[in-house]
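Have a look at the structure below before the remarks.
The values are calculated or read from the model by the stated rules, or taken from the named source; none is laboratory data. Treat the numbers as computed from the prediction; the structure is a model and nothing was measured. Here the Cβ positions follow ideal geometry from the backbone for every residue, glycine too, while neighbour counts run over all protein chains shown.
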Amino acid sequence: MTPPRTPSKSKMKPEEIKVILATDCGSTTSKARFFKKLGNEYRFVASGEAPTTVEAPFEDVTLGVRNEILEVEELTGHKILAPHGIMTPSKGEKEGVDLYVTTSSAGGGLQMMVAGVVKTMTAESAERAALGAGAIVMDVMAVDDGRRPYQKIGRIRYLRPDMILMAGGTDGGNVTHVVETAELIDAAKPRPRLGIDFELPIVFAGNKEARVPIEKILDKAYALKIVDNLRPVLEFENTGPARNVIHELFMEHVMSHAPGYDKLMKWTPIPIMPTPAGEGRMFQAIAKTYSANVIGVGLGGATTNVYSMYEDKFVRTVSANLGMSYSICNVLKEAGTKNIVRWVPFECLEEDLRNRLYNKMIRPTTIPQTVEDLVVEHAVAREALRLGFEHHKLLARPLRGVQRRRTIADIFEQEAFEETYIDMLYIDWVAGTGGLLSHAPRRAQSALMLIDGFQPEGVTSLAQDSVFMMPHLGVLSTVHPKASMEIFEKDCLVRIGVCIAPRGVGKEGEVMEVAIRMPDNSCLEEQVSFGSIKKIPLKEGEKAEVEILPFRGGDVGQGSGKARKVVIEGGVVGIILDARGRPLVLPDEDNERKQKLIEWFKALDAYPERLYEMCGR
């Protein structure tokens, strides 16, 4: 089934768009965000949320979308829904919208398998291209991945991906291995996850010399698309054409077969965008707007998406097994009980922890009912962020296979070219989105989760999505960039504050000294002992000049033990002086660890007093 053609976005006149509705169909919850042009600027007005209905017994995503929009109607008195879907265009002040856009990760989002010749070269480039298009990569197949042909065939049959991306070989190179990969795929006869009667999309972005034999093997039984080579030469990676065609095939072959999406696609004139792709656009907007290196995270119910924009290189990774509802027990499995419990300041038996997380997994829409439940959930979130970032750094690295000029110093650093190029000392922003971060009862809780999960170094601004609308604004930016950025800066982006954290580990008794010239020209001099954390109030929009003298051996961007002067902007929490050291190590002794956690939580006023009373019993 081919979805109905929708009007080209070029026909949308931004000046005529006054009322906007944007939705996101998540794995657990569907979220509506209602925007209006008020005077000369666009602003966020109201939101609505409802359980996603893509699975049995409903199997119609539009039911959840209608429920979330009904909540917006009740809150605003603005009529939006009609029997056929969305009322467009707007009529008067209280009826209809001029534009409806949506993103989706419901039903698992876009699930892909990628294949290349060499695992650390063309296969890795294919993985980056798929992730950049908003996909979940189920498996990476390569000639040198250690599996025998029958194992690869069995794996392809078992996975049932939505789409396959094939790469391999530089232009003009050998075609044998590329053709062998195509023959393996054809031998497996893979069937798509959704819809058994349509052709599985396969994108070939490899050696142009292999196009003719690839067509002979795959063109008849599959929806084959051929695009420019991902690695035309070893020194260059060209992911754009592959990403673009993945988006097109996602709409044409995948979304049209997901439960209810055929109806949803008729409601919007704009192609449905994968939720991670929408998030990625807005993290890139932060980097561009503030000329900054940015680490971003979308902490979802089923996945943890990490984004980096570092020196103009954009990378997205998805940890498909790390999430805060459906996948919460996978975090337990990957991190281990000990790593989660280390963030809990009260007695938490392993059996009790497992039971709490099992209950969350089987009831994914529930929210913490006690402060103990909240602390445990935040402990899991720290580990999901840590593991997701470790995965991200495996792909955020220089291209493999490229010949580099080495110096004599490289003899002593053989692994120098294998590590990630991301240096946390030069990350300017760490920002988060997703239900758990956006809806944390106190912003200081989000601050601690981001700091403990990513361990920023030097001077780093912390920010988060106010009510989880970054995906909505990402898809809106494809039609109306001005409206998207106005809402983003005024209603979406919440400045939590600035984290000042030296790289390195000090000794007991050593201090970090900070001199702060406040907006009223008053001066503060603060000392923070190694192993401690402290906050200094500095409101959003206020700027201060800070001079930092780290503890001995600490580095805040000027070299070991050297002072640094910088102008910073405040936030809801303010300035966070983090002298706990990098890497952050918690005490091994149980009671000492609990006391340290309580000390850190109290220093930022992160949790209500009853938590500390309970811990003291």
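Could you grab the pairs with beta carbons closer than 9 Å, sequence gap of 6+ or different chains, first residue in segment 499-511 and assigned to a loop (DSSP other than H, G, I, E, B), second one surrounded by 17 or more Cβ atoms within 10 Å (Cβ to Cβ) and charged (D, E, K, R)?
If the second residue must be surrounded by 17 or more Cβ atoms within 10 Å (Cβ to Cβ) and charged (D, E, K, R), the pairs left are Pro502/Glu457; Pro502/Asp555; Pro502/Asp578; Pro502/Arg582; Val505/Arg582.
Yes or no: Arg231 at pLDDT 90 or above, more than 22 Å from Arg193 (Cα to Cα) and in a loop (DSSP other than H, G, I, E, B)?
yes
For Glu74, are the conditions met, namely being surrounded by fewer than 15 Cβ atoms within 10 Å (Cβ to Cβ) and farther than 18 Å from Ile272 by Cβ?
Yes; evaluated as a whole, the condition is true for this residue.
Conditions (1) of a type outside the set (A, V, I, L, M, F, W, C); (2) surrounded by 24 or more Cβ atoms within 10 Å (Cβ to Cβ), marked per residue:
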| site | (1), (2) |
| --- | --- |
| Gly132 | yes, no |
| Ala142 | no, yes |
| Gly154 | yes, no |
| Arg157 | yes, no |
| Val179 | no, no |
| Asp186 | yes, no |
| Pro192 | yes, no |
| Pro201 | yes, yes |
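Can you tell me which condition Lys266 does not meet? The list is (1) over 21 Å from the mean Cα position of the chain (by Cα); (2) basic (Lys, Arg); (3) within 30 Å of Val459 (Cα to Cα), and all the others hold.
(3)
Suppose we keep only residues that are in contact (Cβ under 8 Å) with a residue 60 or more places away in the chain and among the charged types (D, E, K, R) within segment 234-265. Which one would you say is farthest from Phe198 (Cα to Cα)?
Top of the filtered list is Glu235.
Among the listed residues Lys288, Lys333, which satisfies the condition of being closer than 19 Å to Pro364 by Cβ, modelled with pLDDT of 90 or more and surrounded by fewer than 24 Cβ atoms within 10 Å (Cβ to Cβ)?
Lys333
Just to check your reading of the model, which residue among Gly64, Gly48 is at negative phi, small (Gly, Ala, Ser) and modelled with pLDDT of 95 or more?
None of the others qualify; the one that does is Gly48.
From (1) at pLDDT below 90; (2) surrounded by 24 or more Cβ atoms within 10 Å (Cβ to Cβ); (3) over 25 Å from Asn244 (Cβ atoms), pick out the condition that doesn't hold for Val318.
Val318 satisfies all of (1) at pLDDT below 90; (2) surrounded by 24 or more Cβ atoms within 10 Å (Cβ to Cβ); (3) over 25 Å from Asn244 (Cβ atoms) except (3).
Out of Val566, Val585, Val528, Val514, which single residue is assigned to a strand (DSSP E or B), hydrophobic (A, V, I, L, M, F, W, C), closer than 26 Å to Arg386 by Cα and under 34 Å from the mean Cα position of the chain (by Cα)?
Val528
Take Ile422 and decide whether it is of a type outside the set (Gly, Ala, Ser) and either in a helix (DSSP H, G or I) or more than 18 Å from the chain's Cα centre (by Cα) (or both).
Details: of a type outside the set (Gly, Ala, Ser): yes; either in a helix (DSSP H, G or I) or more than 18 Å from the chain's Cα centre (by Cα) (or both): no.
Judged against the criteria, Ile422 is not a match.
I'm told Val514 meets every condition in (1) more than 16 Å from Ala563 (Cα to Cα); (2) surrounded by 20 or more Cβ atoms within 10 Å (Cβ to Cβ); (3) touching a strand residue (DSSP E or B) at 6+ places or on another chain (Cβ under 6 Å) except one. Can you identify the failing condition by its number?
Val514 satisfies every listed condition except (1).
Collect the residues in segment 347-367 that are buried (at least 18 other Cβ atoms within 10 Å of the Cβ) and touching a Lys or Arg at 6+ places or on another chain (Cβ under 9 Å), keeping them in residue-number order.
Cys348
To keep it simple, each residue is scored yes or no on (1) part of a strand (DSSP E or B); (2) at pLDDT 95 or above.
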residue	(1), (2)
Val572	no, yes
Ile576	yes, yes
Asn591	no, no
Phe601	no, yes
Tyr612	no, no
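Checking Arg160 against (1) modelled with pLDDT of 90 or more; (2) more than 20 Å from Val315 (Cα to Cα); (3) among the charged types (D, E, K, R); (4) under 30 Å from the mean Cα position of the chain (by Cα), only one condition comes out false. Which one?
Among (1) modelled with pLDDT of 90 or more; (2) more than 20 Å from Val315 (Cα to Cα); (3) among the charged types (D, E, K, R); (4) under 30 Å from the mean Cα position of the chain (by Cα), the lone unmet condition for Arg160 is (1).
Any idea how many residues of segment 110-159 are basic (Lys, Arg) and touching a residue at least 60 places away in the same chain (Cβ under 8 Å)?
1
Within segment 553-560, does at least one residue satisfy the condition of being touching a residue at least 60 places away in the same chain (Cβ under 8 Å) and of a type outside the set (A, V, I, L, M)?
Within segment 553-560, the subset touching a residue at least 60 places away in the same chain (Cβ under 8 Å) is 555-557.
So of that shortlist, the ones also of a type outside the set (A, V, I, L, M) come out as 555, 557.
Scanning segment 553-560 turns up at least one residue that is touching a residue at least 60 places away in the same chain (Cβ under 8 Å) and of a type outside the set (A, V, I, L, M).
Quick one: would you say Gly458 is more than 13 Å from Asp578 (Cβ to Cβ) and touching a residue at least 24 places away in the same chain (Cβ under 8 Å)?
no
Tell me which residues, restricted to segment 574-610, are touching a strand residue (DSSP E or B) at 6+ places or on another chain (Cβ under 8 Å), more than 20 Å from Phe346 (Cα to Cα) and surrounded by fewer than 14 Cβ atoms within 10 Å (Cβ to Cβ).
Passing the criteria: none in range.
Residues that are among the β-branched types (Val, Ile, Thr): which helices (runs of 4 or more DSSP H) entirely in segment 255-365 hold 3 or more of them? Walk me through it before giving the result.
Values: elements: 261-267, 275-290, 328-335, 337-341, 350-362.
The helices (runs of 4 or more DSSP H) meeting that bar are 275-290, 337-341.
A quick yes/no check of all residues on (1) over 17 Å from Leu395 (Cβ atoms); (2) not assigned by TED's automatic domain parsing to the domain that holds Phe468:
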residue	(1), (2)
Gly278	yes, yes
Gln284	no, yes
Val294	no, no
Tyr307	no, no
Leu322	no, no
Ser327	yes, no
Glu334	yes, no
Val344	yes, no
Glu351	yes, no
